[in-house]
Amino acid sequence: MIAAGLLSDSVAERVRVALAEGKPIEEAVLGADGITEETRLHFFARAYGVQFVDLETAAPDREFLSRFPASLLVRHRVVPLYERDGLTTVAASRVSDASALDELRLASGRECVLALTLYTSLTVTFRAKRSAEAAVGPARSMVIALDLIGRDVQSALPPTGILAGAFTGTRQTGTDSDSLSFYCVGEDVAPDGVERPLVEGIRRVGLVLQTDVTPAVLVRRVERNLLASVTRDPDEEVLCRNVKSFTLRYYDGLSWVEAWDSTPENTLPLAVSVSIELVGERMSGATRARAYRMTRIIPLSCGTDAGAVGGVQ
């Protein structure tokens, strides 16, 4: 670097001292106030025979990036760019950190080669990734929760029979904290080689917003053994966190109502409207956190049309 005119003799001496203390060459050069990061990386790229890339013009494909362990990429601040001729080009800002490529080879089973890029470019890339995940995270969690709820509600059984029971939906006065209890036919996925006699069959399901924790969580409670001689606590599963409200409405064929009790006439609604509202993280400069809301209407296969029963066509 001295021969290239990048470092003066005094700066080079400070770099040697830093290297003797065990600092990586990148930190040694920058700490000695020698040259800028971009100049240093261009020099290292020529010296080591590797490519220098600008992530603003050579951004990685999102689908390709998803093939690699996110935790490893964030920890080492590396970004896989593309694969050509069996070699995966990985952008990094440190030529001295060989462990990053070694771990990536082991984790992905790919042969990796180094390309240098500015640390600031890597920071912007990972910040954009985190921002994108924060934006889609609440929506994704609500979709998963609504899928699970929909699977149970669609399979709700009429409130008659030996292993059947009431379909009861209640609303807490003055709150957005509804609850629902019903019986349905369900199936759980058991691990390979594990026998579980209650993996499928009729079970009682309860959906409730647990408000004794902050923020509230939406919980699914399942009783699988309805013939047990001893009453046991149901299995609990957290469907969604950071829940601001969980509201339900029921369609009887004529109108939407806010509560349902199948006991008087042994009937189920034709459909259930499920709404979940989450509180996201507070954005920089915002006075309050952003709220996310999603609603899904779930039809019931065993529902009863109140209009048809009442003679309304």
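The values are calculated or read from the model by the stated rules, or taken from the named source; none is laboratory data. Quantities reported herein were computed from a predicted structural model and do not represent experimental measurements. Because the Cβ atoms are built from the backbone with ideal geometry, glycine has one as well, and the counts that use them run over all protein chains shown.
The set of residues from region 230-257 being outside any strand (DSSP E or B) and crowded, with 16+ Cβ neighbours inside 10 Å comprises Pro234, Asp252, Gly253.
Taking the numbered list (1) at pLDDT 90 or above; (2) within 22 Å of Met142 (Cα to Cα); (3) β-branched (Val, Ile, Thr) in turn, Val257 passes all entries but (2).
Looking at the structure I just gave you, is Leu157 of a type in the set (A, V, I, L, M) and at pLDDT below 75? When the stated conditions are applied, Leu157 does not pass them.
Among the residues of region 16-37, those that are part of a helix (DSSP H, G or I) and modelled with pLDDT under 70 comprise Ile25, Glu26, Glu27, Ala28, Val29, Leu30, Gly31, Glu37.
Looking across region 237-248, just one residue is in contact with a Gly (Cβ under 9 Å, 6 or more places away or on another chain) and within 19 Å of Phe182 (Cα to Cα), and that is Leu248.
Screening region 38-149 for helices (runs of 4 or more DSSP H) wholly inside it with 2 or more residues that are surrounded by 16 or more Cβ atoms within 10 Å (Cβ to Cβ) and modelled with pLDDT of 75 or more returns the ranges 70-76, 98-108. Whenever a residue of region 160-186 is within 23 Å of Val243 (Cβ to Cβ) and free of Cβ contacts under 8 Å to residues at least 40 places away in the same chain, its partners that are among the small types (Gly, Ala, Ser) and part of a loop (DSSP other than H, G, I, E, B), lying with C-beta atoms within less than 7 angstrom and at least six residues away or across chains, give the pairs Cys184/Ser155; Gly186/Ser155.
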